[in-house]
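The values are calculated or read from the model by the stated rules, or taken from the named source; none is laboratory data. Values in this document were obtained by computation on a predicted structure and should not be read as measured data. Cβ sites come from the backbone with ideal geometry, for glycine too, and all protein chains shown count toward neighbours.
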């Protein structure tokens, strides 16, 4: 007849339970180390397959999206700076709007 873990815990002294907690916490540390080492080995192998270092993979930001929209707004101070009207407003436009300039001032005539 085997005791369940609950029965063992209920019948244990405070000192026994504290000792069990310490042993369990140490075992958790060792298991974490084992898992970290396994993940590290996996990452090194995957990075090696790609001809990269793991740090390069962690810093990878993905493919850059190409702007497919036609520019609708232009910065008169720097005509190279444009905005399609979609997504986050560029800093030059935000600054102008904060200074009270109407957004339509920057619209590119069609």
message: All but one of (1) surrounded by 10 or more Cβ atoms within 10 Å (Cβ to Cβ); (2) at pLDDT below 90; (3) farther than 30 Å from residue 110 by Cα hold for residue 38; state the number of the condition that does not hold.
response: (2)
message: Out of 13, 19, 2, I need the residue that is more than 30 Å from residue 107 (Cβ to Cβ), modelled with pLDDT of 95 or more and loosely packed, with under 10 Cβ neighbours inside 10 Å. Which one?
response: 13
